[in-house]
Amino acid sequence: MRHFNTCIHWVSAIATSIRLSPEIEQRLDFLASQTGRTKAFYLRQLIEQGLEELEDYYLAVDVLERVRKGQEPVHLAADVRADLVLDS
């Protein structure tokens, strides 16, 4: 007789709500009905991908602002290349 070990991973999730325009709601409904996926699936995809883009943009803007204020160290490319002995 074989014995199988089962490992269950619990994924914590939160529920939230958003207001969508009727046009966006219709587009989302259409996409879900045509593909057989849920609206929640597409909303998760949009949030995950959109959040990554927002993080990239806004965190870069934050660093740029600190550079402009002199609060972030800046290194010249020539100095970095010399320190790493990249130019021979």
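Read-outs: derived from the displayed coordinates by stated rules, not from any lab. From a predicted model like this one, the values you see are computed outputs, not experimental measurements. Cβ sites come from the backbone with ideal geometry, for glycine too, and all protein chains shown count toward neighbours.
Brief remarks on what is shown
- Principal-axis tilt of helix 39-68 within the chain, Cα atoms, nearest 10 degrees: 20
- Within region 11-88, the trypsin sites (Lys or Arg not before Pro) that combine a DSSP coil assignment with at most 10 other C-beta atoms in a 10 angstrom radius are R19, K69.
- Summing Cβ point charges (Lys, Arg +1; Asp, Glu -1) relative to the Cα centre of the chain gives a dipole of roughly 540 debye.
- q = 0.22, 0.23 Å⁻¹: log10 I(q)/I(0) that the Debye formula gives for the chain, counting C-alpha atoms only: -1.16, -1.19
- Residue-wise HN-Hα couplings along region 22-31, as the Karplus relation 6.51 cos²θ - 1.76 cosθ + 1.60 with θ = phi - 60° gives them from phi, are x, 5, 5, 4, 5, 5, 5, 4, 4, 4 Hz; Gly and Pro carry x.
- Between S21 and D62, the FRET efficiency estimated from the beta carbon spacing at R0 = 30 angstrom works out to 0.50.
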